[in-house]
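Undergrad: Input: one structure, supplied below.
Nothing in this text is a laboratory measurement; each read-out follows from the coordinates by a stated rule. On a predicted model such as this, the values are computed, not experimentally measured, just so you know. In this analysis, Cβ positions are derived from the backbone assuming ideal geometry, glycine residues included, and neighbour counts consider all displayed protein chains.
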Amino acid sequence: MFEILFLGTSASAPSIQRGLSGHIVSHNEYRFLVDCGEGTQRQILQSGKGFKRLTRALLTHGHLDHILGLGGLLSTFLRWEAIEEFEIFGSKRTLERVRVLLYDVVLRGKTTPMPLRLVEIKPGVIFEAEDFTVTAFDVSHGRAESLGYIFEEKARRPFLAEKADALGVPFGPERRDLVAGKGVTLPDGKRVTPEEVLGDWEKGSKLVIVGDTGKTDNLIEVCQDADAVVIESTYMDEEEDMAKQFSHLTARMGAELAIKAGVKKLILTHISRRYRGKDVLAEAQSIFPNTVVARDFDTFIIKKEIEHGR
């Protein structure tokens, strides 16, 4: 399963209730910062999460409301926080802006106490652990060289404890080996194979973070059957023309994508200060009922059945 914590959910400029774009996605010991708008480091502190193991940042694009917080975050790392390394992933154009911000404005010739790496990425798998992957994909947002990210657990075969019990498999390394696909020999000499105690292959949970976008027809495949999709909702339907002008979505457009892609849960963010969250929610839920509008510090657990905690 994945956990996503929303640090900032406002579009373009902060409001009293909403900070600028930033999320933390967690999976076991791994933590990823997705975008880093102005004030993100304070939001991290206020959330209680802290900076431990927050060593990777994934950027959707280079607009200032999504990257400006990196300057303050790096400055904090230089003076106050001990962190092993910091890697920033993004498209070429995004990293060009980040490089100016960090090296010309913050560092100005200074060296960092930890390795700092700017990692240029293109669509495809950008990170792989034993049980999940992170995949980047193209997103259309004006002239910005934008990317979205898929967090997806690898397919696995569930361990059938009742079958193992019936075969007399003891608790301990034997069961661990069977889960890993290795046959074992029991103390009485009986041989047990993985096929006898593992179920059918099951897909893992899938979380898609789109970021800012002006179109959705190119997102249906990447969002297909996702357990949750996080996507912007900068405008409402009454200002659809303005949404098109600035390459953003309306709440309705996000909801229509969720239906077409067979999404389980739609989470809207990047909300304009001109709207009330409940109005944005009503527009989307009239089309796709299983929609929520994220607020700062909302946390969602993404698995086959989604749990939500505030």
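Undergrad: Could you give the distance between the Cα centres of the stretch 134-159 and the stretch 26-40, to the whole Å?
TA: 15
Undergrad: Using a 10 Å cut-off on Cβ atoms, rank the peptides 210-217, 274-281 from the highest mean neighbour count down. Could you put the intermediate results ahead of the total?
TA: Working: 210-217: 21.6, 274-281: 15.2.
For the peptides 210-217, 274-281, the packing ranking is 210-217, 274-281.
Undergrad: Can you give me the distance in nm between label points at K260 and E81, each placed 7 Å from the Cα along the Cα-to-Cβ direction?
TA: Roughly 3.8 nm, to one decimal.
Undergrad: Apply the a/c threshold of 1.5 to the C-alpha gyration tensor of the chain and tell me whether it is rounded, prolate or oblate. Walk me through the numbers on the way to the answer.
TA: Working: a/c = 2.26, a/b = 1.44, b/c = 1.57.
The shape class here is oblate.
Undergrad: Antiparallel versus total DSSP beta bridges in the chain: what percent is that, nearest 5?
TA: Values: 39 of 65 bridges.
Antiparallel bridges make up about 60 percent of those DSSP assigns within the chain.
Undergrad: If we count every other residue with Cβ under 11 angstrom of S26's Cβ, Lys/Arg +1 and Asp/Glu -1, where does the sum land? Working shown, then result.
TA: Values: positive: R31, K49, R53; negative: E3, E29.
Result for the neighbourhood of S26: +1.
Undergrad: Another question, then. Find how much the distance from R42 to R93 grows on full extension, using 0.36 nm per residue of separation minus their present alpha carbon separation; answer in nm with one decimal.
TA: 15.7 nm
Undergrad: Once amide H atoms are built 1.01 Å from N in the peptide plane, which residues 5 or more positions from R56, or in another chain, come under 5 Å H to H?
TA: Residues meeting the criterion, in which the H sits 1.01 Å from N, are L33, E87.
Undergrad: For a quick check: with amide H placed at 1.01 Å from N, whose amide H comes under 5 Å from F127's, ignoring anything fewer than 5 positions away on the same chain?
TA: Excluding prolines and chain starts, which carry no amide H, the hits are V134.
Undergrad: Moving on. Starting with the highest mean, order 219-227, 68-76 by the number of other Cβ atoms within 10 Å, averaged over the residues of each peptide. Provide the component values of the computation, followed by the final result.
TA: Numbers: 219-227: 17.8, 68-76: 20.4.
Per-residue Cβ counts within 10 Å, averaged per peptide and sorted highest first, yield 68-76, 219-227.
Undergrad: Give K92/K278; K190/K303; K163/K304 a once-over and call out the pairs whose C-alpha atoms are over 30 Å from each other. Can you show the working numbers first?
TA: Details: K92/K278 37 Å; K190/K303 37 Å; K163/K304 24 Å.
Distance filter (> 30 Å) returns K92/K278; K190/K303.
Undergrad: Note down the nm distance, to one decimal, between modelled labels 7 Å out along Cα→Cβ at T185 and at R274.
TA: Simple spin-label model gives 7.5 nm for this pair.
Undergrad: Hey, another quick one. Can you give the net charge of the other residues whose Cβ lies under 15 Å from the Cβ of V184, counting K and R as +1 and D and E as -1? Can you show the working numbers first?
TA: Working: positive: K163, R175, R176, K182, K190, R191; negative: D165, E174, D177, D188, E195, E196.
Computed value for this residue: 0.
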